[in-house]
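Written below as structure tokens is the structure these notes are about.
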Amino acid sequence: MTARSPAFTKTTQRRLRRINLLTSLPPVVFAAVVLLATDAHTWWHLIVLAPGAVAAVVAFERWTADDLARVALPCTIVGAVVWPLGVLLTGSPNAYWGICAVGSLALRQVRRRTLAAFGLFSYVAAVGAARLLVQQDDVRGVLITYVLVPTGLTILVTVLTVVGERFYDLIRELDHAREREAELAVIRERVRFASDLHDIQGHTLHVVKLKIALARKLMRRDTDRAEKELRETYALVSDTIAQTKELAYAQRRLNLSAELENAKNLFEAAGIRVRVTREAEVGPRSSELLGQVLRETTTNILRHAQATQVQITLSEAGIAIVNDGVSSDTLPELRGLSSLRQRLAADGGELAVQQQDGRFLTAASFPPARVDAATGGAAEDDR
């Protein structure tokens, strides 16, 4: 068996499976029914030929689910048995269809594909030529009907299958490139957090070191000055602790417009289409909390979802972020949003998280009274 390429993400695999089932499975089933109706002249013909058609449909359905390996061997055996039975017993020139369909799909499961493909074509041709054992009066017709046509169509189907596989490999590479971009976006967000932490603590620790060294020198000759330096050091450390806590719990003052631009850049870097709709401007009292909701939601989408598009809607009352990256039927546990829900509730707001029809909604809003107060406060500030 050959090493398999990295699997698609679950969301991408479900979408490709749905597309294949809707576009390709009906023609496959239709072809099976038509071939059986054409070649099965009696009830026992149907018993002989039906397993090959069923094997082809089962193999194709399992291929769309990326689970062909489990049924490849039994389906190939069934298709390989039906073809000679059709040639020698029922006189069915289309009985090759089972081995043709299953064999072309099963080639991706073996290591030496070229040799296996040559073996498949040779088998189809050799079995078709065996028709001469029971029908010797029309050699030319037998070679065309049982050898050239089945072998030629098997080669064509195999080539198309290989081309389709290359297409899926390209999609797989793009899918993993998108995953890597999302991971890089999360890493960039962590680097930004580390930079903020360094900005808060790096300078402070350097100043504290200098002040403590100075206080030690002043301890004996100027106690008042030394005490002053220690008081300033204590205040500086307390302020740094508060700033670090605010940073850790995403409580630093945020600029909503800057967060919108940052979220847009992160999503685009991860290959996610993003649309921002500004229905109204948010009041200044609500802007900071909404910025925190947007930042936390952006991080969650990049880390946990398999989104292809995100819609951000900004209204006077709040913000709504919708993405299509739902990866399970149950709501995930999002601790960061749970903490923000409590903060919004304490400030008179509401945070809603919903999952429906393959979409995930995060919406933060404030009641009209809060919005009016914020607007009024902003007007007073302007005056």
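Here, each number is a calculation from the coordinates, and none is a lab measurement. For clarity, every value in this text was computed on a predicted model and none was experimentally measured. All Cβ positions, glycine included, derive from the backbone under ideal geometry; neighbour counts span all protein chains shown.
Can you tell me the FRET efficiency between GLN201 and SER257 if r is taken as the Cβ-Cβ distance and R0 is 30 Å, rounded to the nearest 0.05? It comes out at approximately 0.65. Between VAL276 and GLN136, the C-beta separation translates, for a Förster distance of 51 Å, into a calculated FRET efficiency of about 0.10. For segment 122-136, backbone phi angles converted through the Karplus equation (6.51, -1.76, 1.60; θ = phi - 60°) give residue-by-residue couplings of 5, 5, 4, 5, 5, 5, x, 5, 5, 4, 5, 5, 10, 9, 9 Hz, Gly and Pro being listed as x. Evaluating 6.51 cos²θ - 1.76 cosθ + 1.60 at θ = phi - 60° for every residue in segment 350-360, the Karplus couplings come out as 9, 10, 10, 10, 9, 10, 7, 6, x, 10, 10 Hz, glycine and proline recorded as x.
Phi angles across segment 78-89 convert, under the Karplus curve 6.51 cos²θ - 1.76 cosθ + 1.60 with θ = phi - 60°, into 3J(HN,Hα) values of 4, x, 5, 6, 5, 4, x, 5, x, 5, 8, 9 Hz, Gly and Pro given as x. Around the amide H of VAL310, modelled in the peptide plane, lie the amide H atoms of ARG273, VAL274, ARG275, all under 5 Å away and 5 or more residues distant in sequence or on another chain.
The lysines whose alpha-carbon is closer than 27 Å to the alpha-carbon of LYS228, local same-chain residues fewer than 8 away aside, are LYS209, LYS211, LYS217, LYS245. Our estimate of slack between LYS209 and GLN309, defined as 0.36 nm per intervening residue step minus the Cα-Cα distance, is 31.1 nm. The modelled label-to-label distance for the pair LYS228/ALA65, using points 7 Å beyond Cα in the direction of Cβ, is 8.0 nm. Using a simple spin-label model with pseudo-atoms 7 Å out from Cα toward Cβ, LEU73 and ALA50 lie 2.7 nm apart. Please compute the Cα-Cα pair-distance distribution of segment 68-154 with 5 Å bins starting at 0, giving whole percents from short to long. Spelled out per bin, shortest first, that is 3, 16, 27, 23, 15, 9, 5, 2, 0. For segment 93-133, what class follows from the C-alpha gyration tensor (a ≥ b ≥ c being the square roots of its eigenvalues): rounded when a/c is under 1.5, otherwise prolate if a/b is larger than b/c, else oblate? It comes out oblate by the Cα gyration axes.
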